[in-house]
Amino acid sequence: METKILSVLEERISKATENLIAIDVMEAEYAKLLAIGQEKNADSWITRSQNQSPHCKFGETGVCCKICAMGPCRITAKAPKGICGCDVHGIVARNYLRFTAAGSATHSDHGREICHTLHETAEDGNYKIKDPDKLIRLAQEWGIETEGRDIYELAHEVAFEGLQEYGKPFGTLRFLSRATKERQETWAKLGIEPRAIDREVSTSQHMTHIGCSSLPDVLIKQALRAGLSDGWGGSMMGTEFSDIMFGTPKPIDTEANLGVIDKEYVNIMVHGHDPSLSEMIVEHANDADLIALAKSVGAKGVNIVGICCTSNEVTMRHGIPMAGNFLQQENAVLTGAMEAVVVDVQCIFPALGPLSKCFHTKFITTSVVAQMPDAEFIRFNAQTAGENARNILTAAIENFKNRDQEAVYIPQMKAKARVGYSCEAIIKQLDTVTSSYIDELGTWKPLIECIESGVLRGAVAMVGCNNPKVRADFAHIELMKKLLKNDIILVLSGCSAQSAAKGGLMNFEAKDIAGAGIKRVCELANIPPVLHMGSCVDISRMMILVNQVADQWGIDVPQLPVVGCAPEWMSEKAVSIGNYVISTGIDTFLGIVPYVDGSDVVKDILTNQARDWTGAAFTFETDVDKLGDAMIQRIEEKRLALGI
Ligand code: BF8
């Protein structure tokens, strides 16, 4: 019986890998891995999630207040106010602002680390400048003298000025000038132009302290401002400076899903967000002495694979294969073929340490920001980066001999993907179609023409996580297929991008499931129908893209037939992103409702009133099909309003 099930499964998998990989095929494989884990008494997110259900209704609706020690206060019909007298709308809004501020701080602190790494670059150092042209352009944009300067001296000055953006006492963020004139005026009129990045996080904490703000509209406006300080501040610097140091991504082929783990090789999984560590691991993975060491322990070599946004960073620049996204992190260890899990910051399950102990896997943490149980801590820093990376690689390679080869199970599923679509790469690719190259940075004219003519009905920026509340990857992949059929092109980042890659949607051949318009564009421009724009901090690339398109079209962002979507989001960072995306004038559709259900006032501000403020608002819809319909309808409404 079991043999029959296995052979049916194998047949389905081999068919699936020829083209798109269906979710139920992936799930069948994950179930096998879970069974392996259970034999070893390993914990899993599935059982932990079941143990946590049903969730606390007070927390889920945002009506529990813990910001002072008089409580916790929980709002009910019997107790409509907290002890301080704050009503439910103030409590829900304060919680929402704190959630946003935490997300903004997290992205921006990542950006700050990247600024410090840029400040460490040196001709003979661990980190070098790989895109000097981008550095010079950015320096000129910031009014920094570039003529006759040593490139590293220039990098250090730009990094210093970038760090100033975190705490400068006066003025607003430099990158705001990249937005359309109308956007800048909207932000100024609303009073939400972000000042220094840290100040917006700090002000958010201050405003939500006991005895400060309890007016929901005031609190939500600060949430928009804190979000903007992330998207147009910390995240944007994270992206720009990473490109300067590690190279601006360009199209490159890779593969995605657990099948990228190779039984014959030493497998090392890089996981987290900050590319400073993973770049070094990738750079040294092929050092001759380390390859010799790998061979001496019986492996063919070293295979680096990625999870989450660290994966997005190294796949965009080097084509490093993606083992998976957020809810795949445990599965990669369950294969029994992972010599080391090397993590930096964010979205790392603390469960990975205990899970690794069920196998031979080494769980290595590297940042003081993200320290966890059952881990080996190898502190990583810019000055000793090369040495740190080589030590980690050596430890992983030496661990190969401890692997139980008999117990290894690697699902043989992987899909081809073409990734690496930075704004610069997309423009260049479009230019091959029309040769209407107008200046050094190119033009979005071909894209605008495709949208105006209706060949493309519009675009969706799909981003965000997986969430155990919904079937992993299902909403991402189903929505993508639906939008493609309707000639709506997709730009992706974060775990959404990895869903697409795993499902085969980043393969050029996926154009065949799209409408005739997209198919034609893909064939002419030689692009897949969904474009990987990078990690979650790289949503800043999408902000630049839409603002440049709007600018060249001669309209403002809210008029564009473009929407954002995070169908399976779960993190504070995702809410910060949502806030800057709607502030930038892009309607945003969420498949998971934030913790605001307890206040009709806060919900109305986010889903309605925000549109009067910024030209865009949220839509919350948990039904995947309805979510897709709502996006298509909004795009068509915008086309109608434009008269196209
Ligand atoms: O920053 S999409 S699960 S990995 S939070 Fe995390 Fe969500 Fe993935 Fe990247 Ni973004």
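The values are calculated or read from the model by the stated rules, or taken from the named source; none is laboratory data. As the structure is a prediction and not an experimental result, all values here were calculated from the model. FYI the Cβ positions are ideal-geometry reconstructions off the backbone, even for glycines, and counts take in every protein chain you see.
What the table shows:
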quantity	calculated
Residue match in the stretch 70-93 (condition: in a helix (DSSP H, G or I), modelled with pLDDT of 95 or more and closer than 21 Å to Gly231 by Cβ)	yes
Breaking point among (1) touching a residue at least 60 places away in the same chain (Cβ under 8 Å); (2) out of contact with any Leu (no Cβ under 9 Å at 6 or more places or on another chain); (3) more than 19 Å from Gly103 (Cβ to Cβ); (4) among the hydrophobic types (A, V, I, L, M, F, W, C), for Met245	(2)
Failed item, numbered, when Asp374 is tested on (1) assigned to a loop (DSSP other than H, G, I, E, B); (2) over 26 Å from Asp43 (Cα atoms)	(2)
Those residues of the stretch 453-496 which are more than 21 Å from Ser535 (Cα to Cα), β-branched (Val, Ile, Thr) and touching a strand residue (DSSP E or B) at 6+ places or on another chain (Cβ under 7 Å), in sequence order	Ile488
Some residue of the stretch 487-507 being surrounded by fewer than 24 Cβ atoms within 10 Å (Cβ to Cβ), in a helix (DSSP H, G or I), touching a Leu at 6+ places or on another chain (Cβ under 7 Å) and not polar (S, T, N, Q)	no
Residue within the stretch 286-304 that is within 13 Å of the ligand (Cβ to nearest atom) and among the acidic types (Asp, Glu) present	no
Unique match (being more than 16 Å from the chain's Cα centre (by Cα), modelled with pLDDT of 95 or more, over 20 Å from Tyr580 (Cα atoms) and charged (D, E, K, R)) among Glu478, Glu509	Glu478
Residues that are within 22 Å of Ile320 (Cβ to Cβ) and either among the basic types (Lys, Arg) or in a helix (DSSP H, G or I) (or both), drawn from the stretch 460-476	His476
Subset tally (residues that are in contact with a Leu (Cβ under 8 Å, 6 or more places away or on another chain) and in a loop (DSSP other than H, G, I, E, B)) for the stretch 320-348	2
Output for the stretch 589-609, where each listed residue is crowded, with 24+ Cβ neighbours inside 10 Å and either closer than 19 Å to Val546 by Cα or of a type in the set (A, V, I, L, M) (or both)	Leu590, Val596, Val602, Ile605, Leu606
Test: Met542 is touching a Phe, Trp or Tyr at 6+ places or on another chain (Cβ under 8 Å) and either closer than 24 Å to Gly90 by Cβ or within 16 Å of the ligand (Cβ to nearest atom) (or both)	no
Yes/no for Ile427 being at pLDDT below 95, surrounded by fewer than 18 Cβ atoms within 10 Å (Cβ to Cβ) and farther than 26 Å from Leu293 by Cβ	no
Those residues of the stretch 475-505 which are within 16 Å of the ligand (Cβ to nearest atom), farther than 20 Å from Pro594 by Cβ and of a type in the set (A, V, I, L, M, F, W, C), in sequence order	Ile477, Met480, Leu490, Val491, Leu492, Ala497, Ala500, Ala501
Every residue from the stretch 349-371 that is in a loop (DSSP other than H, G, I, E, B) and more than 16 Å from the ligand (Cβ to nearest atom)	Cys358, Phe359, His360, Thr361, Thr366, Val368, Gln371
Verdict on Cys522 being within 16 Å of the ligand (Cβ to nearest atom), hydrophobic (A, V, I, L, M, F, W, C) and either modelled with pLDDT of 95 or more or farther than 19 Å from Val581 by Cα (or both)	no
Filter result for Gly578 (modelled with pLDDT of 95 or more, over 13 Å from Ala223 (Cα atoms) and of a type in the set (Gly, Ala, Ser))	no
Sole residue being under 27 Å from Asp551 (Cβ atoms), touching a helix residue (DSSP H, G or I) at 6+ places or on another chain (Cβ under 6 Å) and crowded, with 18+ Cβ neighbours inside 10 Å, chosen from Ser213, Ser204, Ser235	Ser235
Test for Leu97: is it closer than 30 Å to Gly62 by Cβ and assigned to a helix (DSSP H, G or I)	yes
Residue within the stretch 597-617 that is within 22 Å of Thr180 (Cβ to Cβ), among the charged types (D, E, K, R) and without any contact (Cβ under 8 Å) to a residue 60 or more places away in the chain present	yes
The stretch 286-314 residues that are within 10 Å of Ile397 (Cα to Cα) and free of Cβ contacts under 8 Å to residues at least 24 places away in the same chain, paired with ones that are surrounded by 17 or more Cβ atoms within 10 Å (Cβ to Cβ) and among the β-branched types (Val, Ile, Thr) (beta carbon under 7 Å, 6 or more apart)	Ile291/Val302
Candidate set from the stretch 113-129 (those that are out of contact with any helix residue (DSSP H, G or I) (no Cβ under 6 Å at 6 or more places or on another chain) and under 30 Å from Cys347 (Cα atoms)); member that is surrounded by the fewest Cβ atoms within 10 Å (Cβ to Cβ)	Gly125
The one condition in (1) buried (at least 23 other Cβ atoms within 10 Å of the Cβ); (2) within 16 Å of the ligand (Cβ to nearest atom) that Val563 fails to fulfil	(2)
Flag if Val455 is hydrophobic (A, V, I, L, M, F, W, C) and within 16 Å of the ligand (Cβ to nearest atom)	no
Candidates Thr121, Thr117, filtered to the one that is assigned to a helix (DSSP H, G or I) and either β-branched (Val, Ile, Thr) or touching a residue at least 40 places away in the same chain (Cβ under 8 Å) (or both)	Thr117
Leu590 vs. criteria over 18 Å from the mean Cα position of the chain (by Cα) and within 30 Å of His273 (Cβ to Cβ)	no
Residue selected from the stretch 322-336 under the condition touching a Ser or Thr at 6+ places or on another chain (Cβ under 7 Å) and closer than 13 Å to Ser496 by Cα, by the criterion nearest to the ligand (Cβ to nearest atom)	Asn325
Residue within the stretch 151-167 that is in a loop (DSSP other than H, G, I, E, B) and surrounded by fewer than 17 Cβ atoms within 10 Å (Cβ to Cβ) present	no
Matching residues, the stretch 284-311, being surrounded by fewer than 17 Cβ atoms within 10 Å (Cβ to Cβ) and among the hydroxyl-bearing types (Ser, Thr, Tyr)	Ser296
Some residue of the stretch 498-505 being closer than 19 Å to Ala630 by Cβ, under 16 Å from the mean Cα position of the chain (by Cα) and aliphatic (A, V, I, L, M)	no
